[in-house]
Amino acid sequence: MLSREMMGLFGLAIVWTTGLLMAGAALYNLADLRRLRRKLAAAIEATIVTGSGENGAFAVQRVDQVGRALDMSDGRGIAFFDRAFSSEVLGGTLEVGGRTLEVVPTLDVSVWPSPHAKAKRAADDGAFDAAFAQAKTARGYSRVVETPLTTGDKVWIVAELGTREVVFVRGSVVSAIDPRAWVNRKMQLVWFFIALELLVLLACTMVALVRPWFGPVSAVGGVLCLAYFLAIQPIGNTIRDAVRAPCIAFLRGEWKRRGEVAGGRAGVVVR
Amino acid sequence: MTSTKSLLKRSEDWRQIAIMVVYWSLLAAMYFVPSCRNLGFLIAAGYFSFLNSVVIHNCLHQGMFHSARLNSIWRVLISFGVLYPASANIPSHNLVHHHFDDEGQPDWASPDKVRFHWHLLNLIHFPNVAGPDTFAGVSRWSTLRGKDAFRKQYRLELVFAFGLTGILMAFDVWTTLFFIVIPQLWGARGILRINLLQHDGCDTTSEWNHSRNFVGRFYNWIMCNNGLHTIHHNRAGLHWHELQEWHDREVAPRIDASLNEPSMLWYLVRVFLLTPLRPHKLDVAKAEREFAEASLAPREVRRGEAAVAAEVM
């Protein structure tokens, strides 16, 4: 017969293996961020003087999305699903250290928009009714959320500087936010997650091991260990998604119009 | 009284009912009879829990019963054994996994989601990543218009699976944790792990080389042909009992031989124990591509083209 002690050890081994694997996976994210930080050490500040794209756009980050109609009892809504991410430098000129340098268009680049600008571009732009009609179909409502970096914007670039031009090659970055600060924040987040998840695991284990073993307090610890096991996995995935580089960060989002019946007129707009 | 013939669509599905009866009996025995809380019962329960997931997989492709109500009740019952709502398979497996695609994003259970250098860790860790991604995807999908019936059924399954487990726990926390929850989670996580075994190193863009098959006859008998994955992807409407015949007819002559593994046990030992690092990806679809490029048009078409060419000359 399997004693409670033996099974308790087995259960703790499962929970600890899971906790350690989640920490291990987070360490891989940390290694990615460390590599990125090394690359971003070469980032220099610049200002967009001209952009060859529409409305002076110098670079653009795109999220290809499909919108599908939500099931709401108190209104209408569209949920957006990200299909693909892409970046493009459209060309123009940059002012770098007092010099104005030419930039040729390229797709071999990562464009990091500011999250605020991206959210603004993705917001309900008044096209709700037409979008909802398409979102109800099997094909869904397709859109591309474009977040441009335009004339006058301050940017950080990782690129090869020539005497007359800036060359963006594979792995280059043009960012609307300070990329070094971003990567430092994300590394702190991952460290915080690793430390906290191991501390919580330790705490749950200690409660489970309160004497008398398998008594009321220990039972609470057992349930806490199960809750930890079930919760740590989605939390770990949330951290993984939170440290995706801004050029491929999930946008998703919803448009909701509450206070109206399906097919009726627009009421209150809620994001 | 309803006859056997009219109860089930296929008599072979009695095997699935037998699997569930054996599994529930094992769980009940361990919960109520202390002397049954031994290694043999626990291993057997873990194994049958995995089969519970296979049953869920099969039943969510094709309901076993003629009666829609019975299918619905059955789904509720089989959700308990693995502690997740069986209906989750509709979006996660039938809609996303079978296309290796979620609206352009990777399958929720894509093998690429784990990347430890030591491959054994990927096998252990895979459900930790694929599980939450799957349930996050199911949650998003279920909020969409036209999914009312799904949500209702899903809720029932969720309440039954967690409710019954909770009741058992209220009476005896430790026995439930050790002898009910551990087998439940083993099966639920096992079916997720199978994704890693069946697709890691395969080319999901190809027609015949997207999946690895475990072709042992005995293995497939006890697993309800769950090892024959290529034909299952290509002909999802086939009943599990027919897969062997169709695998032999369509897959065997076309698939890269390296993707037909004679034994899952040997594959596990070879890939995860004897080889510490993740195997390099091979171009398993090379022959398929070359054949497609070199393939000739039907003879009638070629004759017609030759005749036209002769006239021009």
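Only one entry in A:Arg211, A:Arg180, A:Arg252, A:Arg240 is touching a helix residue (DSSP H, G or I) at 6+ places or on another chain (Cβ under 9 Å) and closer than 30 Å to B:Phe171 by Cα, namely A:Arg211.
Sub-6 Å Cβ pairs linking a first residue in region A:193-208 that is closer than 20 Å to A:Asn29 by Cα to a second residue that is of a type in the set (A, V, I, L, M, F, W, C) and part of a helix (DSSP H, G or I), at least 6 apart or interchain, are A:Phe193/A:Ala26; A:Phe193/A:Ile239; A:Ile194/A:Ala23; A:Ile194/A:Ala26; A:Glu197/A:Ile232, ordered by first then second residue.
For A:Gly91, state whether it is free of Cβ contacts under 8 Å to residues at least 12 places away in the same chain and more than 30 Å from A:Met72 (Cα to Cα). So A:Gly91 does not fit the description; no. Consider region A:225-258 and keep the residues that are assigned to a loop (DSSP other than H, G, I, E, B) and farther than 22 Å from A:Phe192 by Cβ. The one that is nearest to the other protein chains (Cβ to nearest Cβ) is A:Arg252.
Can you say whether A:Leu36 is more than 30 Å from A:Arg257 (Cα to Cα), of a type in the set (A, V, I, L, M, F, W, C), within 14 Å of chain B (Cβ to nearest Cβ) and under 21 Å from the mean Cα position of the chain (by Cα), as far as the supplied structure shows? No: the conditions fail for A:Leu36. The number of residues in region A:67-86 being over 17 Å from A:Ile248 (Cβ atoms) and either hydrophobic (A, V, I, L, M, F, W, C) or touching a helix residue (DSSP H, G or I) at 6+ places or on another chain (Cβ under 7 Å) (or both) comes to 9.
Candidates in region A:64-98 are the residues that are more than 10 Å from chain B (Cβ to nearest Cβ), within 30 Å of A:Val49 (Cβ to Cβ) and acidic (Asp, Glu); of these, the one that is surrounded by the fewest Cβ atoms within 10 Å (Cβ to Cβ) is A:Glu95.
Restricting attention to region B:102-125, the residues being touching a residue at least 12 places away in the same chain (Cβ under 8 Å) and more than 10 Å from every other protein chain (Cβ to nearest Cβ) number 8. In region B:37-52, is there at least one residue being among the basic types (Lys, Arg) and assigned to a helix (DSSP H, G or I)? No - not one qualifying residue is present in region B:37-52. Is it the case that B:Gly146 is outside any helix (DSSP H, G or I) and of a type outside the set (A, V, I, L, M, F, W, C)? Judged against the criteria, B:Gly146 is a match.
Taking region A:113-145 as the range and being touching a Leu at 6+ places or on another chain (Cβ under 9 Å) and either among the hydrophobic types (A, V, I, L, M, F, W, C) or not assigned by TED's automatic domain parsing to the domain that holds A:Thr163 (or both) as the test, the residues that pass are A:Ala117, A:Ala119, A:Ala122, A:Ala135, A:Val145. For region B:261-290, give me each residue that is closer than 15 Å to B:Leu120 by Cβ, of a type in the set (D, E, K, R) and surrounded by fewer than 14 Cβ atoms within 10 Å (Cβ to Cβ). Answer for region B:261-290, where residues must be closer than 15 Å to B:Leu120 by Cβ, of a type in the set (D, E, K, R) and surrounded by fewer than 14 Cβ atoms within 10 Å (Cβ to Cβ): just B:Arg270.
A count restricted to region A:1-55 and to residues that are assigned to a helix (DSSP H, G or I), in contact with a Lys or Arg (Cβ under 6 Å, 6 or more places away or on another chain) and over 30 Å from A:Asn237 (Cα atoms) stands at 0.
If the condition is being buried (at least 22 other Cβ atoms within 10 Å of the Cβ) and touching a helix residue (DSSP H, G or I) at 6+ places or on another chain (Cβ under 9 Å), then region A:37-59 contributes only A:Ile48.
Among the residues making up region B:109-167, those that are over 17 Å from B:Ser87 (Cβ atoms) and of a type in the set (Val, Ile, Thr) are B:Val114, B:Ile124, B:Val129, B:Thr165, B:Ile167.
Note on region B:73-122: among residues that are in contact with a His (Cβ under 8 Å, 6 or more places away or on another chain) and assigned to a helix (DSSP H, G or I), the one that is surrounded by the most Cβ atoms within 10 Å (Cβ to Cβ) is B:Asn89.
The values are calculated or read from the model by the stated rules, or taken from the named source; none is laboratory data. Worth saying up front: this structure is predicted, and the values here are computed from it rather than measured. Every residue, glycine among them, receives a Cβ derived from its backbone with ideal geometry; neighbour counts consider all protein chains shown.
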